[in-house]
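A.B. asks: After the structure tokens below, expect a handful of questions from me.
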Amino acid sequence: MLNIRISILFVIAAILGTVLFWLAAYSWFDMPISTFVEKAKAVLLNKPKNIISTQDALNLGRLIEKGIVIEGNDVLSRVSDFYTTIITLLITIITILGITIPLYIKTNAETVAKQQAKQEVKSYFSENISYHSHLETALKRSTPEIKRMLSSEIEEFSSSYDEQISDILAEIEKYSKLAELSKNIDVEEMLRLPEKIKIIEKYIQQMDPVEREASQGRVEEL
């Protein structure tokens, strides 16, 4: 099946290449195609009436070697290359179109189908009013269950919320007590406390060992 398709593509490309070639020849030489064919036959197939001399043949051979004069085989090979180029170009274009066109059609069809589906749904809900009653009935049936579920959730939330509030109030009460205690503390006395401790340490170091042990015992009792 694939070989048949490729053969069909080659045939179509050859036909299009032939048509393009004859159109180009007609526009270039400005003569009918039949006249062009007759003159081409006369040039390519008819033998010359006059036989050229050896010197002319040598000169013609040199001109052919330099590429100034083109042989009939060269003309045919160039025409064949022209057809091959056109066929390759047409096959490339057909291949690209064969890949891109189905993708474009697919995406365009999907977009159109989505738009039509949305439009149909909108028109259905705008024209048919019966679904409102069905929705209301379903909502009435599910309302008790929804309330029950929400009530349990609300109770759990409120209980946890009350516990958090009680914890926050307890912390506030602690901080308020600390604030009241801090009011009774003299800041200057607190700042002088390290100096007094140093004085007491020096005094203890100057005491006798017996008195020092006795003072340490009293401090431990305190």
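Values in this text are rule-based calculations from the coordinates and carry no lab data. None of the values given here were measured: they were computed from a predicted structure.
A.B. asks: Residue-wise, which Karplus ³J(HN,Hα) couplings in Hz belong to segment 105-116, taking 6.51 cos²θ - 1.76 cosθ + 1.60, θ = phi - 60°, and x for glycine or proline?
C.D. replies: Here the 3J(HN,Hα) series is 5, 5, 5, 5, 5, 5, 5, 5, 5, 5, 5, 5 Hz.
A.B. asks: Contour minus end-to-end for GLU171 and LYS118, with contour as 0.36 nm per residue of separation and end-to-end as the Cα-Cα distance?
C.D. replies: Values: separation 53, 0.36 × 53 = 19.08 nm, distance 5.84 nm.
Residue separation times 0.36 nm, minus the Cα-Cα distance, leaves 13.2 nm.
A.B. asks: Continuing with the same structure: For VAL69, enumerate residues with amide H under 5 Å from its amide H, sequence gap 5+ or separate chain, H modeled in the peptide plane.
C.D. replies: The answer is ILE64.
A.B. asks: Ok, one more. Note the full-extension length gain between LYS198 and LEU60 as 0.36 nm times their separation in residues minus their Cα-Cα distance, in nm to one decimal.
C.D. replies: Details: separation 138, 0.36 × 138 = 49.68 nm, distance 12.97 nm.
Gain on extension, LYS198 to LEU60, equals 36.7 nm.
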